[in-house]
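Step one of this worksheet: look at the structure below.
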Amino acid sequence: MQSRQSPFEWKNRLKEIAKQTAQEQMIVMLNAGRGNPNWLCTLPRAAFFLLGQIALMMIESENNQETSIAWQESIKYRHENFDQQLSMLHEGEAGRFLQRVMKEAKTSLGIDEDTLIDEWVRGILGDQYPQPVAMLTQTQKFVTRYLYDVLGLEKGDRDSLNVFAVEGATAGMVYVFNTLFHQGILQKGDRIAMMVPIFAPYLEMLINEDFGVEIVTLYASLRDEQGQHLWQFPDEELEKIMDPSIRVLCLVNPSNPPSVAMRTSSLQKLQQIVEQNRPDLMIITDDVYAPFVEDYQSIMANLPQNTVCIYSFSKFFGVTGWRLGVIAMDKDNVFDRNFRLLPKVEQEKVAQAYEVIASDPEKLTFFDRLIADSRDIALRHTAGLSTPQQIQMMLLCAFANDQQVERYKLNIMTICKDRMRKLYDGLALPIPDLPHCASYYTEFDLLAYAKEKFTAPFLAHLDRDVAIETILMELARVYAIILLPGQGFGDARLSIRVSLSNLKDDDYTKIGQALFTTLARMEEAWGNNR
């Protein structure tokens with residue numbers, strides 16, 4: 001029987017089986033079920049910790065060594081003092097990086113040294129509440145520039161973008177959907193289109209009875225001449241959003257788990273449909289894997305006023321534990337326009353909830369209410385990502401514009417592609433020809449794979465009688481290997497997701513070989529019992 005349980009809960013069950021196998025056989029458990037990268041970006045981290053040392057040195061107090069107390073007013077927020085402390089530490093590349101950032105901030109972003117040092121020191125010491133609550137002022141300039149670059153946005157007026165720093169992309173998901181429902185823009189019974197396969201929690205959170213929406217799937221069903229997935233959308237799937245009862249379109253791009261960015265023609269098709277037929281459509285795009293694809297373009301570039309973008313720094317920079325993400329949206333947006341189309345009595349009812357934070361709550365924008373909702377309105381004054389986290393985010397964005405980033409990016413992309421190749425070598429298959437592939441995950445249809453390697457009667461048996469969980473549990477029991485079922489991400493019943501981000505390169509060859517051997521053994525056992 002096919003399980004309805006979340007693939008991430010299945011991962012925990014498989015992990016227990018695989019852990020026991022690893023102990024009994026004295027082998028290494030290979031967990032390719034979670035997308036936590038096994039690399040991390042070092043220079044922005046080194047700069048962060050160096051900056052912390054400098055900030056502490058800039059606190060002047062006669063008694064702080066004995067009492068561990070320093071006074072905020074004792075901090076000298078000037079770059080001359082910063083330079084003096086930096087020179088005393090003699091910290092090589094991290095120090096030079098900070099100096100490059102200061103210089104580049106002035107020439108490219110118009111931030112003078114004292115202003116930047118003030119935000120760096122106060123931010124990294126974390127001695128005050130985040131202010132503004134959406135994002136620190138200078139940090140936002142770095143982050144906005146980065147978003148324009150990584151999302152392929154047109155280089156226009158960067159002041160047109162609202163950005164809210166949040167605790168990773170998962171927090172961004174929750175905040176956006178909660179506010180959509182809290183404002184009455186989405187209601188129970190509404191229809192939401194999901195471009196699948198998709199990150200499983202998007203499907204799981206919306207089937208919650210508190211939301212009670214109907215999900216319409218747009219499936220990436222295009223295949224090549226050999227029947228292999230291209231993970232792209234035919235026009236007839238995209239045309240489903242012409243239905244005016246669909247209120248929201250939700251996508252992960254590049255996709256999770258196929259890890260393929262949407263082709264340009266599909267982006268243009270969506271743009272055409274929205275502009276001509278659905279100007280009221282609200283779009284939520286999760287673009288976490290954007291940096292892994294050359295010349296990536298977000299749907300936000302095509303439809304900025306219709307789109308809220310959720311972005312996380314976790315994967316590309318290897319900072320999952322930092323919980324660094326943003327919600328970005330155009331200041332002129334359809335979310336505000338849709339709210340103003342609600343009956344006046346409903347608008348007034350929503351506004352009343354915000355009287356505790358605003359004397360004229362009816363003037364609050366969707367973005368304002370999003371921030372307030374993140375702290376149940378009354379605690380809006382404590383909203384915002386912690387200031388040390390924001391400083392680390394700023395340094396990551398600065399690194400993305402630094403002279404060393406191209407070498408880092410090339411290395412990361414090469415690692416992912418090499419692991420993809422090794423996996424398919426183990427499967428004895430050619431690597432898929434997938435333009436715009438991030439290679440962060442891969443997902444494949446087990447039936448399409450088995451068609452190449454096994455007999456037609458066994459293929460029919462797989463299709464008819466075998467649950468994917470049976471195969472995954474066998475991999476865990478025999479080889480201590482953990483993979484995830486693709487169905488939980490909205491894909492076919494016999495599909496498998498493999499994370500290419502978190503194991504050693506040669507482990508992926510072992511995974512491919514183990515899957516092939518498992519199916520071969522299943523075919524032999526089935527044949528003997530016929």
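If you go through the range 176-193 and keep only what is touching a residue at least 40 places away in the same chain (Cβ under 8 Å) and surrounded by fewer than 21 Cβ atoms within 10 Å (Cβ to Cβ), you end up with ASN178, HIS182, GLY184, ASP190, ARG191.
Filtering the range 223-254 to residues that are among the aliphatic types (A, V, I, L, M) and at pLDDT 95 or above leaves LEU238, ILE241, MET242, ILE246, VAL248, LEU249, LEU251, VAL252.
Within the set LEU500, LEU519, LEU472, LEU483, the sole residue that is in contact with a Cys (Cβ under 9 Å, 6 or more places away or on another chain) and either within 23 Å of ILE27 (Cα to Cα) or buried (at least 18 other Cβ atoms within 10 Å of the Cβ) (or both) turns out to be LEU500. Taking first residues from the range 128-153 that are within 30 Å of LEU379 (Cβ to Cβ) and partners that are small (Gly, Ala, Ser) and part of a helix (DSSP H, G or I), the Cβ contacts under 7 Å between residues at least 6 apart in sequence or on separate chains come to LEU136/GLY123; PHE142/ALA398. Consider the range 16-53 and keep the residues that are in contact with a helix residue (DSSP H, G or I) (Cβ under 7 Å, 6 or more places away or on another chain) and without any contact (Cβ under 8 Å) to a residue 60 or more places away in the chain. The one that is nearest to GLY486 (Cα to Cα) is ALA46. Looking across the range 356-406, the residues that are over 14 Å from TYR146 (Cβ atoms), under 23 Å from the mean Cα position of the chain (by Cα) and not in a helix (DSSP H, G or I) come down to SER374, ARG375, ALA383, GLY384, LEU385, SER386. The residue of the range 230-245 that is surrounded by the fewest Cβ atoms within 10 Å (Cβ to Cβ), among those that are of a type outside the set (D, E, K, R) and touching a helix residue (DSSP H, G or I) at 6+ places or on another chain (Cβ under 7 Å), is MET242. Every condition in (1) assigned by TED's automatic domain parsing to the domain that holds GLY325; (2) modelled with pLDDT of 95 or more; (3) within 19 Å of the chain's Cα centre (by Cα) is met by LEU180 except one, and the failing one is (3).
The values are calculated or read from the model by the stated rules, or taken from the named source; none is laboratory data. Every value quoted in this text rests on a predicted model; they were computed, and no experiment measured them. Every residue, glycine as well, gets a Cβ built from its backbone with ideal geometry; the counts of neighbours run over all protein chains shown.
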